[in-house]
1. Looking at (1) in contact (Cβ under 8 Å) with a residue 40 or more places away in the chain; (2) under 14 Å from residue 25 (Cα atoms), which is the only condition residue 267 fails?
2. On the given criteria, is residue 182 in contact (Cβ under 8 Å) with a residue 24 or more places away in the chain and either in a loop (DSSP other than H, G, I, E, B) or closer than 29 Å to residue 90 by Cβ (or both)?
3. How do the strands (runs of 3 or more DSSP E) wholly within segment 78-162 filter down when requiring 2 or more residues that are assigned by TED's automatic domain parsing to the domain that holds residue 45 and farther than 21 Å from residue 24 by Cα: which remain?
4. Filter segment 83-132 down to the residues that are more than 29 Å from residue 152 (Cα to Cα) and in contact (Cβ under 8 Å) with a residue 24 or more places away in the chain and list them by number.
């Protein structure tokens, strides 16, 4: 699959896994060999990690890049502007850094190598009771189908990387009538805190152009955090106080069974009809 200028293409993500953390939110906890389990109303989702540790929400930026590039290539193909994309494509490390808004420095090359290893070792299993209605794909889904370094620079840094797109991403993006992707604000990559990134993902899937409400305890459960609820709630309230997510305003209101996180699309708030 050929590459366009990455900063010119829309940022896309897979809609089916935007409302649970299929990664760890912290950079400091490798969580090697752990399994996260989410029992939702429409499915059970498990996330398992390999020997290199569980992929982080920051590692997942590479998956977002893969989805975005594939979606752009599929769109061009359907417009008669290119061949149908395959499941392998090559990209230079510097282009990954540009797309993910990462500084191009020596440490980033070591971070990239580790991220690719963790992504290949982290897998999602989604199962659903046949009696439950679910729009999620079920099965076993690796975050990446494979990746290998195909060239290095004169100084030994990673040059070009060949990435294999896993079947679940390839099929979701190529679903002709209704691709299973959502456009994400590119400023998502500038969000520093893992929890803030996760809340944005919740907002993008659930609130869309309107409003969504989650119990604090639901956000706590779906984040996969090891932090106790009281400390997590404090962290969430700090995020609400800052209220600087792209596209969405967040606030707290009381609920019958505990505090609620209210997410509203900022354009709706600015509309005279809202």
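The values are calculated or read from the model by the stated rules, or taken from the named source; none is laboratory data. Just so you know, these numbers come straight off a predicted model, no measurement behind them. FYI the Cβ positions are ideal-geometry reconstructions off the backbone, even for glycines, and counts take in every protein chain you see.
1. Every condition holds for residue 267 apart from (2).
2. Values: in contact (Cβ under 8 Å) with a residue 24 or more places away in the chain: yes; either in a loop (DSSP other than H, G, I, E, B) or closer than 29 Å to residue 90 by Cβ (or both): yes.
Yes.
3. Values: elements: 88-92, 123-127, 139-142, 146-149.
Result: 88-92, 146-149.
4. First, the residues of segment 83-132 that are more than 29 Å from residue 152 (Cα to Cα): 124-132.
Listed by number, the residues that qualify are 124, 125, 126, 127, 128, 132.
Matching residues to (1) modelled with pLDDT of 90 or more; (2) crowded, with 19+ Cβ neighbours inside 10 Å; (3) part of a loop (DSSP other than H, G, I, E, B); (4) in contact with a strand residue (DSSP E or B) (Cβ under 6 Å, 6 or more places away or on another chain):
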position: 200; (1), (2), (3), (4): yes, yes, no, no
position: 206; (1), (2), (3), (4): no, no, no, yes
position: 237; (1), (2), (3), (4): yes, no, no, no
position: 251; (1), (2), (3), (4): yes, no, no, yes
position: 263; (1), (2), (3), (4): yes, yes, no, yes
